[in-house]
Amino acid sequence: MPYLINKEIYKKKSDIITKAQNIILVTNVDDEINGENYDFILDLLKNHDEWEHKTSNGFLGITVGKSIHGTTCFYIKTNNGIEDISLHYAVKCLKKTQ
């Protein structure tokens, strides 16, 4: 069964991960995600089961940054600063489209 992200259907979770990773590759560290990439990443990350908790201090945007482990990942900007959020975990939490 397919997955729906930002009104686009993906047959496999690996296709979603590939698209998200490509967005990371074309975005400079500390830059905000915008445009169609923003719409896709926002819709994807909202599936993360900690989305409500992570954005409870206000949601200001999504950036790309380096983790303490040296990997490049997505960060949520809030009124209290930035917080990392796992795209892989958001994909794991996806529900199939009926």
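Cβ-Cβ distance of Asn80 and Asp43, R₀ of 22 Å, FRET efficiency by 1/(1 + (r/R0)^6): the value works out to about 0.40.
The fewest-to-most ranking of His88, His48 by surrounding Cβ atoms within 10 Å reads His88, His48. Annotation: the chain has a Kirkwood hydrodynamic radius of 13.6 angstrom, from the mean reciprocal C-alpha pair distance. Evaluating 6.51 cos²θ - 1.76 cosθ + 1.60 at θ = phi - 60° for every residue in region 19-29, the Karplus couplings come out as 5, 5, 5, 5, 5, 4, 5, 8, 10, 5, 4 Hz, glycine and proline recorded as x.
Residues whose amide H comes within less than 5 Å of that of Ile33, counting only those at least five positions distant or on another chain, are Ile62, Thr63, Val64 (H built at 1.01 Å from N in the peptide plane).
For the pair Ser56 and His69, the difference between a 0.36 nm per residue extended length and the Cα-Cα distance amounts to 2.1 nm. Evaluating 6.51 cos²θ - 1.76 cosθ + 1.60 at θ = phi - 60° for every residue in region 59-69, the Karplus couplings come out as 10, 10, x, 10, 10, 10, x, 9, 7, 5, 8 Hz, glycine and proline recorded as x.
If you add up the charges near Lys11, with Lys and Arg at +1 and Asp and Glu at -1, over every other residue whose beta carbon is less than 14 angstrom from its beta carbon, what do you get? Mind showing how you got there, number by number?
Working: positive: Lys12, Lys13, Lys19, Lys96; negative: Glu8, Asp15.
So the surrounding residues net to +2.
Residues whose amide H lies under 5 Å from that of Thr78, counting only those 5 or more places away or on a different chain, are Leu60, Glu83; hydrogens are built 1.01 Å from N in the peptide plane. Counting every other Cβ atom within 10 Å of each residue's Cβ, Ser67, Ser86 order from fewest to most as Ser67, Ser86.
Values in this text are rule-based calculations from the coordinates and carry no lab data. The model shown is predicted, which means the values in this text are computed figures rather than measured ones. Heads up, the Cβs are rebuilt from the backbone with ideal geometry, glycines too, and the neighbour counts pull from every protein chain shown.
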